[in-house]
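Inspection log for the structure reproduced underneath, given as structure tokens.
The values are calculated or read from the model by the stated rules, or taken from the named source; none is laboratory data. Since the structure is predicted, the reported quantities are computational estimates derived from the model, not experimental observations. Cβ sites come from the backbone with ideal geometry, for glycine too, and all protein chains shown count toward neighbours. Side chains are part of the model used for accessible areas, which takes the heavy atoms of the whole protein and leaves out ligands, DNA and RNA. Shrake-Rupley method; radii C 1.70, N 1.55, O 1.52, S 1.80 Å.
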Amino acid sequence: MSTLDDRLTQLVELQVMLASSPLPGQHFEVLAEHSHRAIPHDFLALCLKDADQQGYFFHVLSGLANGAIPLRLFGLDEGIVGQVLQTNKVFHYPQLAEAKPLSQDIEGVLIRLGMQAVVVVPVRQGPEALGALYFAAASTPFSPEDVQIARLLAAGLSGALENARLYQSLADERSTLAAVLESTQDAILMVNPQGVILLANPAVTKMLGLDAAAITGQLWPEVSTECTPEIRDLFTGAQPGQREITVLGGQVTQVAVLSVTTAYGEPVGWAAVFHDITLLKQLEQMKTTFVNTVSHDLKNPISTILLSADLLPRVAPLTAQQEDLRGRIVGTANYMNQLVSDLLDLGKLEAGIASSMAPLNLTDLVQEAVNGLSMQIEEKQMALRLSLPANVRVQGDRGRLLQLLVNLIGNAVKYTPAGGQVTVKMIPGATGPLASPAERGTAKMITLSVQDNGIGIPAADLPYIFNEFYRVKSLATEDIKGTGLGLAIVKRIIEAHNGYIWVESVEGKGSTFSFFLPMI
Ligand code: ADP
């Protein structure tokens, strides 16, 4: 018989073999073929609980032909294994016949076969017994060292089976992920920091005209030479964000570029996801065309209504009641007029204003906007404070910037009760939450803010305030008329001038609308 040293060496080798494979089938082969070198035995079986933990299956690994012990689900109260699984302890019987309880289908068979001694050790998963290793010997009894080695072997097997389980769940996850990547309509590309393509799903072939399977592992700059410059430069100096890119076949896609990192924050590279928004774009275009056409067609009838209402008193003197009705017609027609011109403005802004940009003096423009609103300011006896550096010059569309200032200062007057205060301020540099570090640092920006101490905007409404047709519904705004399009127009004007607008407001205290623009 080999020395304890030899057997421990064998045990370590066995553990290494078990750990080197993630497949349970191979673990069983290793045990069947090599475990007798660490623990001499005549029979070995592995028992494993079923998935519902209602019982166990008895798999003979060596010493007996398959089928001699029936392959059925044994109950947790059956045989020595049942005891091991319930108590999570090692059971060692030098005389098998004396063991209790005996299962006729297991111990009965082994006794008939001439087995005398058994050692059954639990195979654990965490604190629970997942199964058991069952050693039996015909002549020599098991020594305390045998029992100890059997324990160690079972511990190694527990680890190997746990690894197998993790490996399987990872493999399942991978195949689910692969199926999603295969079937998604979105094209997904991933490159590492050196530009090597780590992943390209089949939709890449359709959208970008690149053979997804062939380009994986190649360098993006080399495989993208035939693509449009926008696509080619997707990862050049990449910044996370979204942009619209037209791809092969004229589809419009929204492309999200994301930086990918491991759970520990180490950079893996960049991913780009192309989502087809052609249909959405077409719908948006249809909506714009529809709104523009309808708005345009409504202009004449509204003018006719206004003109007729103006002419009414000249036809015959009106009674007080008639005059009241006429007033309502004029009020409603004026509102419709405003709505139509706001809608047309939105449509025009969508088409762009680049052609009408020219250098202009923003300080003068603020003054002009304020002059235009002086009647309303006086009527409500409001205090207006201006804090403007002289001669702030920007490149812009005069009419649009005036419209923007009139809208913002007009809103401040409109949504502030009589006697309130409005302050228009300009300070050099980009400020506010939207300014990037680069913009903040440059002196080539100007921030303008319009502050009032009026009704303010509830926090819940703030995120939507620049949306088309969005108006705050509250007691304070109940009697204030408007189309809900002013701020949507303002936002588009600012964006067309490469600026940003944001709002800070506290309900009941007042609001500050601020924007910054590049100066010249
Ligand atoms: P409106 O035609 O309703 O004034 P806007 O687009 O200009 O449309 O503004 C949208 C909504 O934002 C307004 O209905 C109002 O509830 C709120 N709002 C705008 N400016 C202010 C302000 N200075 N103070 C309080 N609420 C404001």
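Odds and ends about this structure:
- Mean projected area of the convex hull spanned by the Cα atoms of the stretch 311-384, taken over all viewing directions: 8.6 nm².
- Charge dipole (the stretch 51-145, unit charges on Cβ, about Cα centre) - positive-most of T140, V90, I106: T140
- Within the stretch 346-376: backbone nitrogen closer than 14 Å to the N391 label point (7 Å, Cα to C-beta): 360-364
- Applying 0.36 nm per residue to the separation of D211 and Q338 and subtracting their alpha-carbon distance, the gain on full extension is 40.3 nm.
- Long pairs among K287/K414; K287/K425; K206/K287; K414/K491; K473/K509, criterion Cα-Cα beyond 26 Å: K287/K414; K287/K425; K206/K287
- Kirkwood Rh, Cα atoms: Rg over Rh of the stretch 188-230: 0.92
- The Cα-based radius of gyration of the chain, divided by its Kirkwood radius, gives an Rg/Rh of 1.29.
- Backbone geometry of the stretch 258-271 corresponds, through the Karplus equation with coefficients 6.51, -1.76 and 1.60 at θ = phi - 60°, to 3J(HN,Hα) couplings of 10, 8, 9, 10, 6, 4, 9, x, 7, x, 9, x, 10, 10 Hz, x marking Gly and Pro.
- For the chain, the Cβ-based charge dipole about the Cα centre amounts to some 1760 debye (Lys, Arg positive; Asp, Glu negative; other atoms uncharged).
- Electrostatic dipole magnitude of the stretch 426-511 [Cβ: Lys, Arg +1; Asp, Glu -1; Cα centre; debye, to 20]: 200
- Kirkwood Rh in Å, taken over the stretch 226-342 so that all alpha-carbon pairs contribute: 19.5
- Viscosity 1.002 mPa s, temperature 20 °C, Stokes-Einstein D of the stretch 342-480 from Kirkwood C-alpha radius, µm²/s: 128
- Span from the the stretch 209-229 Cα centroid across to the the stretch 321-348 one, whole angstrom: 57
- Each listed q (0.14, 0.18, 0.21, 0.26 Å⁻¹) maps to a log10 I(q)/I(0) for the stretch 218-284, found by the Debye formula over equal Cα scatterers with no solvent: -0.49, -0.75, -0.93, -1.19.
- Cα gyration tensor category, rounded, prolate or oblate, for the stretch 438-520 with a/c compared to 1.5: prolate
- Surface composition of the stretch 127-194: carbon plus sulfur atoms hold 59% of the accessible area, using a 1.4 angstrom probe and ignoring ligands, DNA and RNA.
- Taken per residue, the accessible surface of the chain reaches 53 Å², heavy atoms only and a 1.4 Å probe.
- The ratio of the alpha-carbon radius of gyration of the stretch 147-281 to the globular-protein estimate 2.2 N^0.38 Å is 1.42.
- For the chain: relative contact order, % (alpha-carbon pairs under 8 angstrom, 6 or more apart): 8
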